[in-house]
Amino acid sequence: MVWSTKKSRITRFLHTHSREGRISNPEHDLSILAETPQVLNDLLELIKREDEKHFAEIVNLTRPSS
């Protein structure tokens, strides 16, 4: 998938699901939540591509502690 398409999907997802503390407005299709895993993968891939230091910090913060 082309980066512009991935960025558009991420933006659409965020606009749909980040309003006023609600998951969705009534006019939005809740089935878009099925895209969550792929959108998160795209977002992490974008962060890794654009800011490797930031990505490394995310990885370090999300590792299980021993």
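The values are calculated or read from the model by the stated rules, or taken from the named source; none is laboratory data. As the structure is a prediction and not an experimental result, all values here were calculated from the model. In this analysis, Cβ positions are derived from the backbone assuming ideal geometry, glycine residues included, and neighbour counts consider all displayed protein chains.
Residue-level check: of (1) of a type in the set (Ser, Thr, Tyr); (2) exposed (fewer than 11 other Cβ atoms within 10 Å of the Cβ); (3) modelled with pLDDT of 75 or more, residue 16 misses just (2).
Checked against the criteria, residue 50 does not count as modelled with pLDDT under 80 and exposed (fewer than 14 other Cβ atoms within 10 Å of the Cβ).
Of the residues making up segment 41-66, just one is hydroxyl-bearing (Ser, Thr, Tyr) and either under 23 Å from residue 11 (Cα atoms) or assigned to a helix (DSSP H, G or I) (or both), namely 62.
Taking each residue of segment 52-64 that is in contact (Cβ under 8 Å) with a residue 12 or more places away in the chain and looking for partners that are surrounded by 11 or more Cβ atoms within 10 Å (Cβ to Cβ) with beta-carbon atoms closer than 9 Å, six or more apart or interchain, yields 58/44; 58/47; 58/48.
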